[in-house]
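The values are calculated or read from the model by the stated rules, or taken from the named source; none is laboratory data. As the structure is a prediction and not an experimental result, all values here were calculated from the model. FYI the Cβ positions are ideal-geometry reconstructions off the backbone, even for glycines, and counts take in every protein chain you see. Note: accessible area is taken over every heavy atom of the protein model, side chains too, but ligands, DNA and RNA are not part of it. Shrake-Rupley method; radii C 1.70, N 1.55, O 1.52, S 1.80 Å.
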Amino acid sequence: MVHGRVLDSLKNNALRKNLIHHRFFESVRSGSLARNNVAVFLGQWWHPLHYFPNFLSRSISVVPNLETKTAICAILSEELGEGNPERAHERVYIETMIAAGFSRQEITEAPALVSTRNLVQGYERASSTHTSALGFMYGTEVADLAMVSGIGVAVRRVSGMKNLPWVDIHVLQEPHHVEQASGALEPELSAEQYGSIVASAEEMWRLWIAFFSELTQVFDQESTEQRMAATITQTY
């Protein structure tokens, strides 16, 4: 399987499109998420964000050739601040969200929901074999900017902030991440390797879809409870 065809097939995969067009992002764009909803979202996002460098470092240890290791290493370097820990993505995330009015506790200490735990465990499992690591890595990079942009819209709506450094750094670096992820796929893949990469990317997208679906269910339940409470208050 030729390199370019692999990339095209993954970009056009229906599950990827289902993820980046998830109903959750419609709620974000419509402005229907309240500040407490966004705080929950940020606290859940922290868990895969915090684990992602571990996933990359574990993936480096299982891929077979130097070119692939080098490509993943370039992504890992940017995730960790390119030699400056203060510019590591997770630190920029914390600083950005604190500046937007959220507490460190809301951002980094929220217990993981079931789908969030499953997502992180999925990344951990994937980093144990060559093709599953590549599938999860590329699957992440072709969907990450759309998801990050959704976070940016939500945070801007509830905080009034225009400049969000964590979102800006993704806009700047994501094209390079995708390029490096593309370079990590070998020029020629057997049919079996290609199938394994696609299956792993699809597993990752399903886990992310479940992540956003559970968040949507949590928010819908909260909204229903609030309406019921308001009705009871008006009645009495």
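Under 6 Å between Cβ atoms, which residue pairs at least 6 apart in sequence (or on different chains) link something in the range 78-93 that is closer than 17 Å to Val167 by Cβ with a partner that is of a type in the set (Asp, Glu)?
From residues that are closer than 17 Å to Val167 by Cβ, the pairs are His89/Glu79.
Could you tell me whether the range 7-25 includes any residue that is open to solvent by 30 Å² or more (accessible area, probe 1.4 Å) and among the hydroxyl-bearing types (Ser, Thr, Tyr)?
yes
Go through the range 83-100 and give me each residue that's open to solvent by 50 Å² or more (accessible area, probe 1.4 Å) and not in a helix (DSSP H, G or I).
Gly83, Asn84
If the requirement is being over 24 Å from Ser127 (Cβ atoms), buried (at least 18 other Cβ atoms within 10 Å of the Cβ), of a type outside the set (Gly, Ala, Ser) and modelled with pLDDT of 70 or more, which of these qualifies: Val158, Val218, Val198?
Val158
Regarding the range 42-50, can at least one residue be identified that is of a type in the set (S, T, N, Q) and surrounded by fewer than 16 Cβ atoms within 10 Å (Cβ to Cβ)?
Within the range 42-50, none of the residues are of a type in the set (S, T, N, Q) and surrounded by fewer than 16 Cβ atoms within 10 Å (Cβ to Cβ).
Scanning the range 65-82 for residues that are open to solvent by 40 Å² or more (accessible area, probe 1.4 Å) and in a helix (DSSP H, G or I), which turns out farthest from Leu189 (Cα to Cα)?
The residue in question is Ser77.
Kindly check whether there is at least one residue in the range 120-139 that is charged (D, E, K, R), open to solvent by 30 Å² or more (accessible area, probe 1.4 Å) and touching a helix residue (DSSP H, G or I) at 6+ places or on another chain (Cβ under 6 Å).
So far as the range 120-139 goes, no, none of its residues is charged (D, E, K, R), open to solvent by 30 Å² or more (accessible area, probe 1.4 Å) and touching a helix residue (DSSP H, G or I) at 6+ places or on another chain (Cβ under 6 Å).
Condition check ((1) surrounded by fewer than 17 Cβ atoms within 10 Å (Cβ to Cβ); (2) modelled with pLDDT under 90; (3) more than 21 Å from Trp205 (Cβ to Cβ)) across all residues:
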position	(1), (2), (3)
Glu141	no, yes, no
Lys162	yes, yes, yes
Trp166	no, no, yes
His176	yes, yes, yes
